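Below is one structure, written out as structure tokens; the observations come after it.
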Amino acid sequence: MANYDDIPTLKENIDRATVDSVRSLDVDKYKYGFETIIESDMAPKGLSEDTVRFISAKKNEPQWMLDWRLEAYARFLTLSEPTWAKVHYPAIDLQDMYYYAAPKSTPAPTSLDEVDPALLAMYDKLGIPLREREILAGVERPNVAVDAVMDSVSVVTTFREELSKVGIIFCSISEAIREYPEMIQKYLASVVPVSDNYYATLNSAVFTDGSFVYIPKGVRCPMELSTYFRINEKKTGQFERTLIIAEADSYVSYLEGCTAPMRDESQLHAAVVELVAMDNAEIKYSTVQNWYPGDKDGKGGIYNFVTKRGDCRGANSKISWTQVETGSAITWKYPSCILRGDGSRGEFYSIAISNGRQQVDSGTKMIHLGKNTSSRIIAKGIAAGFSDNTYRGQVSAHAKATNARNFTQCDSLLIGDKCGAHTVPYIESRNGTAVFEHEATTSKISDDQMFYCQQRGLSEEDAVALIVNGFVRDVLQHLPMEFMVETQKLIAISLEGSVG
Amino acid sequence: MTTPILEIRNLHARIEDREILKGVNLIIPAGEVHAIMGRNGSGKSTLSYVLAGKDDYEVTEGEILLNGESILEMEPNERAAAGVFLAFQYPIEIPGVATMTFLKAAMNAQRKARGEAELLTPEFMRLVKEAGTQLQVDTAMLKRPLNVGFSGGEKKRAEIMQMALLKPALCVLDETDSGLDIDALQVVSKGVNALRSDSRSMLVITHYQRLLNHIVPDVVHVFSDGRIVESGDKDLALQLEAKGYADFDGAAA
Ligand SMILES: Nc1ncnc2c1ncn2[C@@H]1O[C@H](COP(=O)(O)OP(=O)(O)OP(=O)(O)O)[C@@H](O)[C@H]1O
Ligand SMILES: [Mg+2]
């Protein structure tokens with residue numbers, strides 16, 4: 001850890017400057033750069049070979065990519081939905097969905113007055129500028145789109161130029177398929193095979209966009225890469241695909257997501273993220289997930305079924321996942337590491353908060369294949385309201401994984417007595433020298449703690465936020481600085497209304 | 001006559017179905033320090049909790065006035081912002097929350113509730129340093145989670161430090177002397193005495209006359225079976241020390 005502490009302040013400056021300018025933009029100024037999505041741009045409803053062909057054509061993909069997708073689709077037809085996770089939801093009808101530029105199922109709000117007041121209150125507390133709130137809430141206004149903002153920011157171009165000077169590629173996956181086909185052919189699905197699981201296979205057939213990052217040998221990426229700044233970010237929609245490759249001796253830190261809650265018309269989200277780290281390379285991947293969790297009864301919330309996996313392919317490589325999960329009606333997500341290279345290391349730091357009717361089933365897998373591989377898991381689950389929060393983790397050592405080491409710490413905090421927290425660890429060792437340690441605790445915020453805090457002047461909500469932030473401190477410190485403060489605020493807001 | 005900081009009138013309170021406070025009457029004028037002594041289980045801590053507004057207790061009769069205003073309908077945090085501070089007999093551990101973080105959160109919450117501006121970090125640090133030096137709470141301790149793994153004496157010093165920073169109108173000290181060694185007793189007493197002022201009142205609950213040599217009270221009350229049964233000057237404490245509580249049992253019955 002501490003690797004990004006010594007990244008030059010350049011990163012700080014650029015990030016701050018970029019955030020500021022993106023935020024201060026007057027979107028109307030960019031209306032001419034805005035591509036209107038016209039009616040004919042919509043794929044036919046439902047999932048079929050035609051849908052797959054349509055998407056591929058829209059993206060101007062080469063034949064090999066279309067073939068790849070069609071193969072995935074054929075495979076998908078043989079699979080059925082997994083049922084092992086502790087989540088419950090009405091059956092999803094894949095034929096009743098759009099896979100490209102979905103039309104609004106309900107008329108889009110035409111002003112913020114029509115948006116869920118709870119969502120607005122949250123924007124207010126996060127201090128999000130008015131115009132940005134409209135975009136996030138999906139308010140329909142002529143000639144305004146978040147894409148326009150992103151595409152037209154000259155600072156983003158500067159940012160990209162900065163990166164290309166050191167040979168880093170950071171672009172959309174669609175662009176990469178056209179511009180860097182040999183890399184895509186070599187690495188796509190090399191970590192998450194097409195047939196990996198139901199959602200990953202579906203994603204392979206119909207993914208619409210995502211990020212591509214390539215860090216050449218020996219290069220330390222001079223700034224945090226963030227989806228927030230990614231150029232050409234079209235509405236990536238339900239099926240995002242991300243691929244990050246770190247060549248030998250390189251380093252990159254990637255941030256995904258945003259603390260602002262995003263509303264999206266499409267209920268099902270099934271992203272795939274693949275990371276590849278070669279010898280001595282290090283990838284840090286941080287996520288703040290705050291999709292719309294639905295109203296107080298859980299209606300309208302997003303189902304988030306994600307497959308994220310990192311391959312520590314090279315010796316002494318390192319992949320670390322840090323995630324803050326506060327949104328979505330349902331989260332099904334297990335960022336994992338395959339510790340293939342000798343001496344490689346995997347880390348998973350997670351904060352999963354559930355409130356209201358949210359259901360979270362999340363955790364990680366650490367697959368030790370190489371010698372002297374090590375992994376560390378720190379998972380903090382916080383359940384409030386009527387929510388259900390499950391940690392599901394697997395640690396395994398292959399027969400050749402001599403001296404594999406794992407440490408797992410899994411803590412749950414319950415707020416109130418209508419929620420549930422569960423820990424489901426799977427441990428599997430085929431090598432006698434492996435040492436796996438697992439610690440788990442479940443605690444509640446006690447009435448005495450609440451009274452003590454209140455006696456010192458904190459309101460119930462402030463007290464819960466303070467105690468929860470204390471509870472997740474070990475994980476918070478692994479987040480990049482600029483995310484940390486926002487995340488603390490987000491935690492407080494996510495738990496509002498959880499007491500009293 | 002000016003309004004006393006604290007006035008308790010015929011206070012009755014119960015927990016679950018058991019009545020613990022059975023008609024407490026007490027007036028503490030501004031600037032005065034009153035001591036309460038009484039047998040184990042007589043209801044002293046209960047009185048302090050009821051003053052601070054702990055949920056578990058139900059006030060069935062009577063009134064509590066702070067600066068002439070009833071506080072019975074106020075939440076504990078509102079009472080705190082209005083100036084009630086309770087130094088706990090058993091301070092509660094708050095895992096993961098650095099003492100420093102907690103102090104800042106508490107001070108700013110109270111300031112906010114009173115419509116004052118939040119403290120800026122340099123000013124906060126200056127105040128913490130000052131209070132820390134006086135109560136011998138070092139920086140290493142301030143970085144540790146509040147009360148977690150603190151020794152008995154450290155917990156009590158941390159309580160008084162919070163009191164010094166929050167500058168309450170009414171300080172309620174519940175057995176602050178228990179668990180303190182001789183030197184720590186001096187340090188804590190000095191800290192408490194430094195806070196004595198014309199605009200502040202204190203209620204000091206203790207079992208030992210010794211504390212009252214350091215924090216000299218204006219009035220001493222004897223508490224028995226949920227009410228005050230005798231009041232006097234500081235010599236009453238000496239008398240109790242010599243003879244015990246037997247003389248006062250059933251005195252008010
Ligand atoms: N939850 C409860 N249910 C029933 N009785 C309780 C409860 N909590 C406290 N009590 C009782 O209330 C009485 C008063 O307790 P309190 O703690 O106020 O005494 P105290 O005077 O502070 O004693 P000490 O000197 O030992 O600190 C005791 O008999 C105690 O057992
Ligand atoms: Mg007591």
Wholly within segment A:436-482, which helices (runs of 4 or more DSSP H) include no fewer than the required count, namely at least 3 residues that are crowded, with 16+ Cβ neighbours inside 10 Å and more than 7 Å from chain B (Cβ to nearest Cβ)? A:460-471
Would you tally the residues in segment B:74-99 being aromatic (Phe, Trp, Tyr) and away from ligand 2 (no atom under 16 Å from the Cβ)? 1
Look at residue B:2 and say whether it is farther than 18 Å from residue B:223 by Cα and in a strand (DSSP E or B). no
Name the residue, out of A:173, A:135, that is modelled with pLDDT under 90, crowded, with 17+ Cβ neighbours inside 10 Å and under 30 Å from residue A:85 (Cα atoms). A:173
Can you confirm whether segment B:51-58 contains a residue that is within 16 Å of ligand 1 (Cβ to nearest atom) and among the small types (Gly, Ala, Ser)? yes
Go through segment B:14-34 and report how many residues are open to solvent by 10 Å² or more (accessible area, probe 1.4 Å) and more than 13 Å from ligand 1 (Cβ to nearest atom). 7
Given (1) over 28 Å from residue B:60 (Cβ atoms); (2) away from ligand 2 (no atom under 16 Å from the Cβ); (3) without any contact (Cβ under 8 Å) to a residue 40 or more places away in the chain; (4) among the hydroxyl-bearing types (Ser, Thr, Tyr), residue B:231 misses just (1)
Filtering segment A:266-322 for residues that are open to solvent by less than 30 Å² (accessible area, probe 1.4 Å) and either under 28 Å from residue A:93 (Cβ atoms) or not charged (D, E, K, R) (or both) leaves a count of 37
May I ask you to list the residues in segment B:74-106 that are of a type in the set (Gly, Ala, Ser), at the interface with chain A (Cβ under 7 Å from one of its Cβ atoms) and assigned to a loop (DSSP other than H, G, I, E, B)? B:96
Within segment B:78-136, residues being touching a strand residue (DSSP E or B) at 6+ places or on another chain (Cβ under 7 Å), more than 16 Å from ligand 1 (Cβ to nearest atom) and among the aliphatic types (A, V, I, L, M) number 5
Out of B:222, B:172, report the one residue that is within 14 Å of chain A (Cβ to nearest Cβ) and within 16 Å of ligand 2 (Cβ to nearest atom). B:172
All but one of (1) open to solvent by 30 Å² or more (accessible area, probe 1.4 Å); (2) under 18 Å from residue A:347 (Cα atoms); (3) assigned to a strand (DSSP E or B) hold for residue A:411; state the number of the condition that does not hold. (1)
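Taking segment A:221-250 on its own, how many of its residues are part of a strand (DSSP E or B) and modelled with pLDDT under 95? Outline the logic, then answer.
First, pick out the residues of segment A:221-250 that are part of a strand (DSSP E or B): A:225-226, A:240-246.
Of the ones still in play, those that are also modelled with pLDDT under 95 are A:225-226, A:240-242.
Of the residues in that region, 5 qualify.
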Taking segment A:412-435 and keeping only residues that are within 14 Å of another protein chain (Cβ to nearest Cβ) and touching a residue at least 40 places away in the same chain (Cβ under 8 Å), one is left with A:413
Taking residue B:109 as the residue in question, decide whether it is within 14 Å of chain A (Cβ to nearest Cβ), open to solvent by less than 70 Å² (accessible area, probe 1.4 Å), assigned to a helix (DSSP H, G or I) and in contact with a Gly (Cβ under 6 Å, 6 or more places away or on another chain). yes
Condition first: under 30 Å from residue B:80 (Cβ atoms) and open to solvent by 30 Å² or more (accessible area, probe 1.4 Å). Can you find one or more residues in segment A:418-433 that meet it? yes
How about segment B:112-124: which of its residues are at pLDDT 90 or above, in contact with a helix residue (DSSP H, G or I) (Cβ under 9 Å, 6 or more places away or on another chain), open to solvent by 20 Å² or more (accessible area, probe 1.4 Å) and over 19 Å from residue B:78 (Cβ atoms)? B:117
Among residues of segment B:15-34, those that are within 13 Å of ligand 2 (Cβ to nearest atom) and out of contact with any strand residue (DSSP E or B) (no Cβ under 8 Å at 6 or more places or on another chain), counted: 0
Could you please let me know if residue A:345 is closer than 30 Å to residue A:468 by Cα and surrounded by fewer than 24 Cβ atoms within 10 Å (Cβ to Cβ)? yes
In segment B:35-73, how many residues are open to solvent by less than 30 Å² (accessible area, probe 1.4 Å) and either assigned to a strand (DSSP E or B) or more than 16 Å from ligand 2 (Cβ to nearest atom) (or both)? 9
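The values are calculated or read from the model by the stated rules, or taken from the named source; none is laboratory data. Small disclaimer: the values here were computed from a predicted structure and weren't measured. We place every Cβ from the backbone using ideal geometry, glycine too, and count neighbours over all the protein chains shown. Calculation scope for accessible area: heavy atoms of the full protein, side chains included, ligands and nucleic acids excluded. Shrake-Rupley method; radii C 1.70, N 1.55, O 1.52, S 1.80 Å.
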